[in-house]
Each structure stands twice: as C-alpha cells, then as structure tokens.
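Here's the structure, in structure tokens; my notes come after.
The values are calculated or read from the model by the stated rules, or taken from the named source; none is laboratory data. Note that the structure is predicted; figures quoted are calculated from it, not measured. Reconstructed Cβ throughout: ideal geometry from the backbone, glycine too, with neighbour counts over all protein chains shown. Ligands, DNA and RNA are excluded from the accessible area calculation, which covers all protein heavy atoms including side chains. Shrake-Rupley method; radii C 1.70, N 1.55, O 1.52, S 1.80 Å.
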Amino acid sequence: MLRRSLLLVLSLAVAAVVLFALLRILPGDPANALLSVGATPEQIAAARHELGSDRPLPEQFAVWACSMATLDLGRSFVSSLPVAAEVAGRLAVTVPLTLLSFLLSVLIAVPAGFVTALRRNTWYGTLLSGLGQLGLAVPVFWIGMLLITVFALRLRWLPAGGFPAGDWSDPAAALTSLALPMLTITLVMSASLIRYVHSAAIDVLDAGYLRTARALGSPLAGAVWRHGLRNAAGPVIPILGVELATTFLGAVVVENVFALPGLGSLLVKAFAQHDWPVIQGVLVLSTCAVLAIGFVADLVQRLVDPRLRRTVTGAAA
C-alpha cells in the first residue's frame, strides 16, 4: 500500500509537470481570451500581468501547482464563474453516465465471456464472439446515431439528446435522457470486455485444478463459480480499470452526439473559446481520475489474487 501510494503521488507530480508544459506550448495567448479584437499592446501586457503569464516559468509552475493542490481552479474567462463549480456541475452528468455504463458492461461481458469460452464450439458461442468483434469494429459515434435513428426518431421511445434542466431533481427523466448514451457506451465497452473475459475463462477452464474439482464430483457450474471465477478475475481487473478510465475520458464523443452537458462537452467548448482555466481544470481532474482508477484497480487485483501479495512479500524478503 505504501509503495503504491508513493507511486501514485509521483505519478501525479509528473502529470502536473507534463500538463503545465503542454498547456504552455499550445498555440494562442491566454491573455487574448480576456480581451476583445483589436486590443492594444498595453492592454495585452496588462492582461498577461493579471494572469501571471509574464512571470518566469518556474514561478508560474509553483503558483499553478499550489492552486491545483488547494482545488483552486480559478475562474472561467467566458462566464467568470469558478471553474470548480462548472466542473462539478458537469460531473453530475459524466460520472453517472460513466459508472452506469461500466456496470452494465460488466454485467453483460462477464457471463457472455464465460459462455463464449464454455460453448466456443457451438453456434451461439461463435455468434457471441462475432458480435463482440463487430462491436469493436463499429465507431461509437455511428452506434449512437444508429440508436437515435431507431429508438428516438422512428420508435419515439427515448429522447434523442439533451438533459433535464433540473438535473437530477427528476431521477426518472434524467435516467431516460441517459438511456441511449448508456446503451451506446455499453455496446462498445462490453464488446471489448468480452474478449478479455473469454481469454481468461479459457485459461481457467483448461487449468488442472478445475479438472480435479470436476473429477471429485463437482458440477461444471459449481466448479467455475467456486474456483474459476476468482482466478479469472485476476487478469481482467486491470482491464476493467483501463476500460473505466477510457470511458471517462472518451465520454466527450458520446456527450457531443447526444448533446449532453457533461465534462467532455465542457472541454470542447473551452477549447473553442480559448478558456484556459476551464481547460486546465478539466485536464487536471481527468488525469487525477485516471491515475486514481489505476491505483484502485491495482489494489483490488492484489486483494483478489493472493499470489501477487506473496510475490511482493518474497521480493521484499
């Protein structure tokens, strides 16, 4: 735990340096975002002094890092609202969308992956594997547009996009507006997860301990549940962490297809308007979220698989 925690802190420090450097080499002057077209050189110089961009880079980094550490993300150039408040409001859409899609994907991918491994020589096992490959080949935005055409425009069962003005004051309306985006992400993510669960399940089904359990009279379903599921979970858990982080970062595409006021659409709007404080805030939050997800996935993997803990203990000894 201590080693992984120190590695997390080091990763955050490296990420902060990289983000700071990347934001400084982007084209455009942040001071221009505060000024109208045709500003004089004196006004531009005054804006740079206000932003602190005329200071030496080490001093700028120290001020910026201290602000990020205290969650002071500054104020938006466009709306003049605190960036933290804008980001928090958008997270109310992005976080439920990501977590619900991830949960549905796991509920679909785990049993489907085991079925494709157990029945890989049957027609329905082959069909599930083929559908998984098809889901990986189709772009996520095309799936979203196809679902809008079928369920929103033709059948009129679900809204084509948008989110209730009252956010989650009406949970039913909010979940209804997230139904098609969740289905879009779930189809893509579950197709990817099925492959990894399928590979892990085949390794478990061919293992000697499972054949021993079957020889001792345990039924296949009971042997897989008692002995196979936990062993198959070990290599899949890091993949789940990667998929969750990828979904969180990739929500920008789905949110724009369905016109959702989430974190991804906020980032796209901030880039279009050269709103540098918002860009910084979203990127820092996204980086921290990805590193935290990887940290938790690594700990869960070590809890599920005792062999990893024994390896670390033996190496330390």
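Side notes on the structure shown:
- The listed residues Trp142, Trp123, Trp168, Trp64, once ranked by accessible area (1.4 Å probe) with the largest placed first, stand as Trp123, Trp142, Trp168, Trp64.
- Two-decimal log10 I(q)/I(0) for segment 140-209, as the Debye equation yields it once each C-alpha is a single scatterer, q = 0.26 Å⁻¹: -1.08
- Protection proxy ranking of 187-199, 260-272, 69-81 - average other beta-carbon atoms within 10 Å, highest first: 187-199, 260-272, 69-81
- Which of Phe141, Phe61 is most accessible, then next, and so on - probe 1.4 Å: Phe141, Phe61
- Karplus-based coupling profile of segment 85-96, in residue order and whole Hz: 5, 5, 5, 4, x, 6, 5, 5, 9, 5, 5, x, with θ = phi - 60° in 6.51 cos²θ - 1.76 cosθ + 1.60 and x standing for Gly or Pro.
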